[in-house]
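Accompanying notes for the structure given below.
The values are calculated or read from the model by the stated rules, or taken from the named source; none is laboratory data. A quick note: this is a predicted structure, and the numbers were derived from the prediction, not measured. Because the Cβ atoms are built from the backbone with ideal geometry, glycine has one as well, and the counts that use them run over all protein chains shown. For accessibility, only protein heavy atoms count, side chains too; no ligands or nucleic acids. Shrake-Rupley method; radii C 1.70, N 1.55, O 1.52, S 1.80 Å.
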Amino acid sequence: MSTNEAAWLLKPKGDLRVFPAAFPVPSQDEIVINNQAFAIQPLDATVLGEESIDVPYPAILGNGVAGIVEEAGGSVTKFKKGDRVISDTPSYQLKQTKYGGWQKYVVGREATTVHLAKHTTFDDAAVMPFALLTAVAALKLKLGMDKPGTLHSGKALIWSASGSVGGYAVQYAASVGYEVVTTASPRKFDYVRGLGANEVLDYNDDHIVLKLRDLGPYEFVMSASGDVKGANAISDILQPFGGEFASTHPKTEAMQLAPNVSLLYDLFSMATQKKENEGFTNWWYEDYLPLALAGGVKPTPLEKRSGGLYRVQEACDDILGGRNMSKIVLNPQASFL
Ligand SMILES: NC(=O)c1ccc[n+]([C@@H]2O[C@H](COP(=O)([O-])OP(=O)(O)OC[C@H]3O[C@@H](n4cnc5c(N)ncnc54)[C@H](OP(=O)(O)O)[C@@H]3O)[C@@H](O)[C@H]2O)c1
């Protein structure tokens, strides 16, 4: 049998250590995946370096892996050994080490796993589901935007469109037919236009509120960065009538939102792990995500790094330090060099 190895977090906000892990055992409706690629998300970096979460230690963090099915539980019908898959592993919900993405062999649930088309690389697949789900759950589940293929007119405003979540939000809103107005830093303007944005404005422009108000009104508004400045600007843009907007971060005391404005926050990236979202979840794994992975959505630009599990810490440090321009992808099978 193959041996397993993981990047272990020994205590909250501690350093990572790479050492062996038990070969994971799947339940009846689960699969073991030979993990070929995972992307580091801001959530992972924050949990590793800044905020402790309530999990048993030592813990294996990371959720979402792309790889090859190694073993299938007794009741699994959709997958067999050798299939190429991407899986949203419920490490932060079920809090068991077998679901942690930062290991060579990881367990995924049949219900939250999809096949990969032959031409989709493990790396491209690894950067997509977490941030794409965040964008689509915010726009569709939370704000009620329709599905692609329906015809709509009107405008959507995506604040901070150049990151992973923002870029996917632009593509989703454009695919549903909305004219998409966005903000980004000037060096990313062309990139954001290439995703389907009709307008891109600098979020640091002194007149950003007036300019965006002039371009409105908006049927849908989302802040992909979830920051205070963006929330306050959106609150002003929505005047005098007010309204609601989805945000990747919750409301904080530093935000000064008008009384007629509501910030709608959720753990959007985990929407498909919740029973009450069953209809959305079925559509997500059976229709939308497979088409997105097969080329229907442009993946976030990625940076593939060598060193596998040994470079997770460095990757997280770079994300927290704002030093990465792309999603960092690692292959846990890689050796140290
Ligand atoms: N609630 C959830 O379920 C959930 C899920 C996933 C992510 N998130 C959160 O959503 C945020 C975005 O995640 P991501 O994966 O898209 O990150 P990302 O790919 O690293 O993108 C972050 C983007 O934010 C922009 N940015 C940085 N500082 C900014 C500021 N002060 N004002 C406006 N924009 C700013 C940058 O754009 P420029 O280069 O153009 O400045 C950068 O491209 C993160 O904070 C993450 O923690 C929440």
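The table below lists the values:
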{"quantity": "Residues located in region 19-32, provided they are aliphatic (A, V, I, L, M) and within 25 Å of the chain's Cα centre (by Cα)", "calculated": "31, 32"}
{"quantity": "Sole residue being closer than 18 Å to residue 145 by Cα and either open to solvent by 50 Å² or more (accessible area, probe 1.4 Å) or free of Cβ contacts under 8 Å to residues at least 40 places away in the same chain (or both), chosen from 259, 217, 240", "calculated": "217"}
{"quantity": "Residues located in region 224-252, provided they are among the charged types (D, E, K, R), more than 9 Å from the ligand (Cβ to nearest atom) and part of a loop (DSSP other than H, G, I, E, B)", "calculated": "251"}
{"quantity": "Any chance residue 304 is out of contact with any Lys or Arg (no Cβ under 8 Å at 6 or more places or on another chain) and closer than 13 Å to residue 39 by Cβ", "calculated": "yes"}
{"quantity": "Hits in region 5-57 (condition: open to solvent by 60 Å² or more (accessible area, probe 1.4 Å) and within 16 Å of residue 94 (Cβ to Cβ))", "calculated": "25, 28, 29, 54, 56, 57"}
{"quantity": "Of all residues making up region 85-110, the number that are open to solvent by 60 Å² or more (accessible area, probe 1.4 Å) and farther than 18 Å from residue 58 by Cα", "calculated": "1"}
{"quantity": "Among the candidates 64, 82, residue that is open to solvent by 10 Å² or more (accessible area, probe 1.4 Å), in contact with a helix residue (DSSP H, G or I) (Cβ under 6 Å, 6 or more places away or on another chain) and not hydroxyl-bearing (Ser, Thr, Tyr)", "calculated": "64"}
{"quantity": "Residue match in region 141-162 (condition: in contact with a Gly (Cβ under 7 Å, 6 or more places away or on another chain), in the same structural domain as residue 317 (by TED's automatic domain parsing) and modelled with pLDDT under 95)", "calculated": "no"}
{"quantity": "Leading residue by the ranking (farthest from residue 51 (Cα to Cα)) among those in region 281-327 that are open to solvent by less than 20 Å² (accessible area, probe 1.4 Å), within 14 Å of the ligand (Cβ to nearest atom) and part of a helix (DSSP H, G or I)", "calculated": "315"}
{"quantity": "Residue selected from region 173-200 under the condition polar (S, T, N, Q) and assigned to a loop (DSSP other than H, G, I, E, B), by the criterion nearest to the chain's Cα centre (by Cα)", "calculated": "185"}
{"quantity": "Residue ID - farthest from the ligand (Cβ to nearest atom), chosen from residues in region 142-162 that are small (Gly, Ala, Ser) and buried (at least 20 other Cβ atoms within 10 Å of the Cβ)", "calculated": "156"}
{"quantity": "Checklist (1) farther than 24 Å from residue 146 by Cβ; (2) in contact (Cβ under 8 Å) with a residue 24 or more places away in the chain; (3) away from the ligand (no atom under 13 Å from the Cβ) applied to residue 176, failing item", "calculated": "(1)"}
{"quantity": "Flag for residue 33 being free of Cβ contacts under 8 Å to residues at least 60 places away in the same chain, more than 15 Å from residue 319 (Cβ to Cβ) and of a type in the set (Val, Ile, Thr)", "calculated": "no"}
{"quantity": "Within region 253-280, tally of residues that are of a type outside the set (S, T, N, Q), more than 9 Å from the ligand (Cβ to nearest atom) and in the same structural domain as residue 166 (by TED's automatic domain parsing)", "calculated": "9"}
{"quantity": "Cross-chain or 6+ apart pairs with Cβ under 6 Å, region 119-130 first and in contact (Cβ under 8 Å) with a residue 40 or more places away in the chain, then among the β-branched types (Val, Ile, Thr) and open to solvent by 10 Å² or more (accessible area, probe 1.4 Å)", "calculated": "127/300"}
{"quantity": "Number of the exception - residue 334 against (1) within 15 Å of residue 18 (Cβ to Cβ); (2) within 17 Å of the chain's Cα centre (by Cα); (3) open to solvent by 30 Å² or more (accessible area, probe 1.4 Å)", "calculated": "(2)"}
{"quantity": "Condition met for residue 199 (open to solvent by 20 Å² or more (accessible area, probe 1.4 Å), more than 15 Å from the ligand (Cβ to nearest atom) and under 23 Å from residue 150 (Cα atoms))", "calculated": "no"}
